[in-house]
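Report on the following structure.
The values are calculated or read from the model by the stated rules, or taken from the named source; none is laboratory data. In this text, all values refer to a predicted model and were calculated from it rather than measured experimentally. FYI the Cβ positions are ideal-geometry reconstructions off the backbone, even for glycines, and counts take in every protein chain you see.
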Amino acid sequence: MRKKQNIHKAVIPAAGLGTRFLPVTKSMPKEMLPIIDKPVIHYVVEEAVKSGIDDIIIITGRGKRAIEDYFDAAPELEMRLKDQHNDTTLNRLREIADFPTIHYVRQKEPNGLGDAILRAENHIGNEPFAVLLGDDIITNSKPCTAQLMTVYSRFTSSVISIEHVPREKVCSYGIIKGNAIEPDLVRVEDIVEKPEPDKAPSDMGAVGRYIFVPEIFDCLKNTNRGVGNEIQLTDAIKLLLKDHPVYAYQFEGKRYDTGDKLGYIETIIDFALRDPHLNKAMMEYLQKRICS
């Protein structure tokens with residue numbers, strides 16, 4: 001059995017081209033699309049930090065410099081806010097700069113999610129680590145990543161977050177096959193990337209949070225190009241299953257797919273309704289629109 005190690009490193013792939021949001025993503029990373037006044041990736045990094053992660057690697061690509069600038073300190077702006085006695089906004093900016101160490105590794109070519117994660121191998125070393133996709137926001141009192149860490153601590157094995165997806169949408173997910181060992185926990189037997197609905201082994205789709213043992217890197221190196229002529233993480237997980245157990249956990253919380261246009265709009269509406277400064281005006285506006 002693998003020696004138990006605490007998980008303190010996370011990889012956040014953020015090198016995708018964001019083609020579903022063109023033309024705005026021609027000059028702006030999709031991970032920087034705003035949810036009210038914070039970009040999507042802020043919520044992802046925040047989840048990692050709240051889960052106890054203190055070492056974060058963001059995989060970037062061409063045109064992603066805005067992500068690095070966002071998490072950097074801004075002395076001139078802070079000085080201006082200080083002179084204006086705008087302590088509330090100043091403290092919010094300082095909170096961003098005070099996040100744990102963030103490292104940046106570039107994926108030079110868009111070769112898929114699996115290849116992006118492989119770029120982090122030298123930094124991760126021989127440790128288990130978390131993966132949080134940069135365009136998925138998951139809300140819950142206990143962060144999704146922390147939930148997966150709890151499962152990992154029990155089995156010292158890789159863990160995939162899953163949720164039920166509509167049958168007509170299984171072709172957009174990695175779909176798992178497995179045996180339930182607890183109401184929300186499955187021992188994975190197989191995983192299929194974007195199957196046709198009539199060929200899908202279940203309706204349980206892998207979504208944007210994972211815990212991996214370091215052996216996933218060898219699997220990624222031995223993974224041939226798959227769907228989209230890219231190195232698919234799903235195919236690497238299939239290789240991992242040959243020698244290592246993998247579990248799938250149906251997390252508690254709500255997931256927002258901000259990489260989808262409708263999902264992005266839903267995220268903004270829900271977050272506005274949660275904001276005490278916006279809730280009343282937002283409710284009035286929505287009611288007016290519904291009745292018009």
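Computed values, structure above
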{"read-out": "Selection count where residues are free of Cβ contacts under 8 Å to residues at least 40 places away in the same chain and within 23 Å of THR139 (Cα to Cα), scope region 7-33", "value": "2"}
{"read-out": "Any hit, region 112-120, residues being without any contact (Cβ under 8 Å) to a residue 24 or more places away in the chain, surrounded by 15 or more Cβ atoms within 10 Å (Cβ to Cβ), among the small types (Gly, Ala, Ser) and not in a strand (DSSP E or B)", "value": "no"}
{"read-out": "Residue identified as surrounded by fewer than 17 Cβ atoms within 10 Å (Cβ to Cβ) and more than 21 Å from GLY18 (Cβ to Cβ) among ASP235, ASP275", "value": "ASP275"}
{"read-out": "Selected residue [assigned to a strand (DSSP E or B) and under 19 Å from GLY208 (Cβ atoms)] from VAL151, VAL170, VAL131", "value": "VAL131"}
{"read-out": "Scan of region 208-243 for residues that are touching a Gly at 6+ places or on another chain (Cβ under 6 Å) and in a helix (DSSP H, G or I), ordered by number", "value": "LEU220, LEU233, THR234, ASP235, ALA236"}
{"read-out": "Answer residue from region 16-38, given it is surrounded by 18 or more Cβ atoms within 10 Å (Cβ to Cβ) and not β-branched (Val, Ile, Thr) and is farthest from the chain's Cα centre (by Cα) among those", "value": "PHE21"}
{"read-out": "The listed residue being more than 30 Å from ILE7 (Cβ to Cβ) and either at pLDDT below 95 or in contact with a Ser or Thr (Cβ under 9 Å, 6 or more places away or on another chain) (or both), out of GLN84, GLN107", "value": "GLN84"}
{"read-out": "Residue match in region 191-207 (condition: in the same structural domain as PRO128 (by TED's automatic domain parsing), more than 19 Å from LEU148 (Cβ to Cβ), part of a strand (DSSP E or B) and of a type in the set (A, V, I, L, M, F, W, C))", "value": "yes"}
